[in-house]
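Take a look at the structure set out below.
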Amino acid sequence: MSLLTLGRARKSKQADALDDRHLQSFHENGYLVLPKFFSDDELAQVQHAMDRAWADTSIYNNLTISAYTGTPRYTETYLRNVDRDARSYQYKLNHLYLYDARVLGLLMSDKLQKVLGRLLNGTPLMFNGLNFEKGSEQRFHFDTFYMPPKTYGRMVATWIALEDIHPDSGPLNYYPKSNRIPAYRFSHGGISAVQSEMPAFDQYIDREIAERGLKPEGFSPKKGDMFIWHAQLYHGGGKINNRALTRKSMVNHFWAVEDYKEKALEVAPDRFILRTRDMFVSPTFKPVL
């Protein structure tokens, strides 16, 4: 089956039903939840790709990983370099769609691209992918700390539940309406984070949240549910209360092609990903351990 076939295979009532009320809710609250957006069969393709990637220790497996999160063994390297026991720890696997065409086809499907196109008011450009099997426990943050779009606010992220998510597994946490808080400006004048200035940011965001009366919520979805958040939604990973639980999920980030035409690679008609040469590489990445 070709990528084009995969990307066009299914129509979506959800996409067709994304009307002005959905758009208003998204911009007012900073997120949308689309229940059972992906079928069990579609999600099985993602799980199969994960299993195949973990089993592939060949030099042809160029997937990268942030492994052993929260431990002294933490490292950023190629997946093929880490011991297989790393899968039982918290980790973040990058860009699975570059390894498996079926995963790419799922993310390029009509039903998803239509939704994203409406939210972005443009053509979606997928530039990042993260797969998790445990909760991240990542501190609250704005994605624009690390990947600010050229046009303010013109970025969305999708969070897809690959299984039923238990509240004790460290679910996605977020502050509804936090997207309406004016972005904090660091010393360079932009919104990308400066680590040494994070204490000042924390004071700013804590004050804004308190003054607006915002309260955090958790997302404990059913398998196949999808959460879409605004570029400026303040979110993070909840505390894992039961380390035996998994939290299998896939996150992808999208800019608009119109802002990055020179960096967009067309993988199927009107379907775009960021060119690999333009992808961010961590300064602590170790190609060889």
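Checking the conditions here, which among ALA244, ALA256 is surrounded by 18 or more Cβ atoms within 10 Å (Cβ to Cβ) and not basic (Lys, Arg)? Exactly one residue qualifies, and that residue is ALA256. Every test in (1) surrounded by 12 or more Cβ atoms within 10 Å (Cβ to Cβ); (2) within 22 Å of LEU79 (Cβ to Cβ); (3) in contact with a helix residue (DSSP H, G or I) (Cβ under 7 Å, 6 or more places away or on another chain); (4) not basic (Lys, Arg) is passed by LEU289 save one, and that test is (1).
In region 133-155, the residues that are within 23 Å of PHE26 (Cα to Cα) reach residues that are aromatic (Phe, Trp, Tyr) and crowded, with 22+ Cβ neighbours inside 10 Å with C-beta atoms within less than 7 angstrom, at least six apart or across chains, in these pairs: PHE140/TYR234; PHE142/TYR234; PRO149/TRP255; ARG154/TRP255; MET155/PHE254; MET155/TRP255. Among the residues of region 16-45, just one is free of Cβ contacts under 8 Å to residues at least 12 places away in the same chain, outside any helix (DSSP H, G or I) and surrounded by 11 or more Cβ atoms within 10 Å (Cβ to Cβ), namely ALA17.
Picking from residues in region 225-241 that are crowded, with 19+ Cβ neighbours inside 10 Å and assigned to a strand (DSSP E or B), the one that is farthest from the chain's Cα centre (by Cα) is ILE240. May I ask you to list the residues in region 63-89 that are in a loop (DSSP other than H, G, I, E, B) and touching a residue at least 60 places away in the same chain (Cβ under 8 Å)? Within region 63-89, THR69, GLY70, VAL82 qualify. Quick one: in region 165-206, of everything that is in contact (Cβ under 8 Å) with a residue 24 or more places away in the chain and among the aromatic types (Phe, Trp, Tyr), which residue is surrounded by the fewest Cβ atoms within 10 Å (Cβ to Cβ)? Of everything passing the filter in region 165-206, TYR175 is surrounded by the fewest Cβ atoms within 10 Å (Cβ to Cβ).
Scanning region 124-134 for residues that are crowded, with 21+ Cβ neighbours inside 10 Å and either over 17 Å from VAL267 (Cβ atoms) or over 15 Å from the mean Cα position of the chain (by Cα) (or both) returns ASN131, PHE132, LYS134.
Taken together, the values in this text are just the output of simple stated rules run on the coordinates, not laboratory data. Just so it is clear, the structure is predicted and the values come from calculations on it, not from any experiment. Glycine gets a Cβ as well: all are built from the backbone with ideal geometry, and neighbour counts include every protein chain shown.
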